[in-house]
Amino acid sequence: MEKDLKILLLEDVEDDAGLVERAIRKSGIRFISKRVDTREEFIAALDLFKPDVILSDHALPQFNSIEAMKICKNSGKNLPFILVTGTVSEEFAVNCIKQGVDDYVLKTNLSRLPSAILNAIAIRESEQKKHEAEMAIRKQNMELVKINQELDGFVYSVSHNLRAPLASVLGLVNLAKIEDRQRNSGFGNYLDMMEKSVLKLDETLKEILDYSRNSRTNLDHIPIDLEKLIRESFERFKYLEGMSTIKIIIDINKSAEFHTDAYRFSTLISNLISNAVKYRDKYKEDKFIRIRADISEDRMELIFEDNGMGIHPERVSKIFDMFYRGTEHSQGAGLGLYIVKQIVDKLEGEINVHSEVGVGTSFRLLLPNLVNAEKKLVDES
Ligand code: ADP
């Protein structure tokens, strides 16, 4: 220890204080001490003497050690506090430790005092370091959350703001197409290509907005009509290339009403549908998408199956990654299944996939029935 240890002695008997000091000196610990025996002196010494450790007798004429320890704690000082006292009962000693005293040493066994002091200081120092490290992590976390929120907000507004000019470009391309047909100028192919690229860009922006909405907004719970919601989703894709060649099979088995976040759930279903259509096997005659659902009071199990081109076994573990595209047939940004996974996580569900090249792909989803979450809220209020 480089500097002298500052010991504050709360002791009314001068001779006892002398014995304590002698026991510490004998151990080789270098220290300076100050003895006080009233509350006022004790409070003043905490600020002026700035002790490293407090040694306190238990009972003083107008003061006691537990009160002293509380004053010390309330002042925000994380100081080791050791009781140095005459014979006490085991129960009393245990109670003192429970209240926050670091250790207690009997005046009849002062040879233990130096090691008790060093131990208590070491423990407090490591606690202090741990506390400082936790505070630093907490602060860093708060900063990260803030940066994340700002980034999300930024992504949201940029994507949102880019969609309006894109819609204008699309409108102008359509006008140009009409004029091109009237004048027979022969730009049709270029205009079709432009339209396709703009639509693809718009689709990516829409996906980014879906991702952003999922991470920014709170969960909503409403009862959903699963079959209706699925059919409406298919309806939105009726003009998607290849959709009309696929047979849709929906089989719902329901023993309870299902509550979930309708917007998120329909985003999820839409992504699965558009993939099943995009990655259909063009060479199969009997293309199908089969959706089976089992709904109970607790959850829904949903199997979303297609007999499309399937996914290569080496790629299947990556399909939920951000920006991952598993095939050259992909024309998307590799965000669809990433968003699906984010939504499933937000809903505290599970998703897994089984796929075989040339046979098809099947996604199994387990989603909690939020009807219980709602009931809980009502019960609690
Ligand atoms: P994207 O469709 O934009 O490429 P997704 O995240 O939606 O991105 O899908 C990631 C990859 O997973 C796709 O590129 C594709 O290889 C594969 N995939 C997803 N769904 C299916 C499916 N139903 N059948 C076959 N492959 C699929």
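The values are calculated or read from the model by the stated rules, or taken from the named source; none is laboratory data. Predicted, not measured: the structure shown is a model, and the values here were computed from it. Using ideal geometry, Cβ is built from the backbone for each residue, glycine included, and neighbour counts are taken over all protein chains shown. Accessible surface is based on the protein model in full, side chains and every heavy atom, while ligands, DNA and RNA are left aside. Shrake-Rupley method; radii C 1.70, N 1.55, O 1.52, S 1.80 Å.
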* To do: Quick one: pull the percent of accessible area on the chain belonging to carbon and sulfur, 1.4 Å probe, ligands and nucleic acids left out.
  => 53
* Just in segment 289-377: which chymotrypsin sites (Phe, Trp or Tyr not before Pro) are loop by DSSP and have at most 13 other Cβ atoms within 10 Å? -> 323
* To do: Add +1 for every Lys or Arg and -1 for every Asp or Glu among the other residues with Cβ under 14 Å from the Cβ of residue 189, and state the total.
  => 0
* **Whole-number accessible area per residue in Å² for segment 151-276, which is evaluated in the context of all protein chains at 1.4 Å** => 61
* Structure fact -> In nanometres, the difference between 0.36 nm per residue of separation and the alpha-carbon distance of residue 197 and residue 292 is 30.7 nm
* Taking only DSSP H segments of four or more residues, each worth -39500 (n - 2.57), what value at 222 nm results for the chain once the sum is divided by all its residues, to the nearest 500 deg cm²/dmol? -> -17000 deg cm²/dmol
* To do: Give the range of the longest stretch in the chain that excludes all GluC sites (Glu not before Pro) found in loop regions by DSSP and having at most 15 other beta-carbon atoms within 10 Å.
  => 3-240
* Asked: If you line up the long axis of helix 188-216 against the longest principal axis of the chain, both from Cα atoms, how many degrees apart are they, to the nearest 10?
  -> 30
* **Cβ-defined net charge surrounding residue 145, 14 Å radius [Lys, Arg +1; Asp, Glu -1]** => +1
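Evaluate the charge dipole of segment 215-357 about its Cα centre and quote only its size in Debye, nearest 20, assuming +1 on the Cβ of each Lys and Arg and -1 on the Cβ of each Asp and Glu.
560
If you roll a 1.4 Å probe over the heavy atoms of the protein chains, what accessible area per residue do you get for segment 73-129, in Å²?
58
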* **Loop-located trypsin sites (Lys or Arg not before Pro) in segment 304-350 whose Cβ has at most 15 other Cβ within 10 Å (DSSP)** => 315
* Looking only at segment 349-368, which residues have a backbone nitrogen under 12 Å from a spot 7 Å from the Cα of residue 301 in the C-beta direction? -> 364-367
* **Contour minus Cα-Cα distance for residue 12 and residue 252 (0.36 nm per residue)** => 78.1 nm
* Asked: Among 289, 273, 335, whose Cα sits farthest toward the positive end of the charge dipole of segment 259-347 (+1 at Cβ of Lys/Arg, -1 at Cβ of Asp/Glu, about the Cα centre)?
  -> 335
* Taking the Cβ of residue 294 as the center, what net charge do the other residues with Cβ under 15 Å away carry, scoring Lys and Arg +1 and Asp and Glu -1? -> -3
* Structure fact -> Length gained if residue 88 through residue 206 is fully extended, taking 0.36 nm per residue and subtracting the Cα-Cα distance, is 35.1 nm
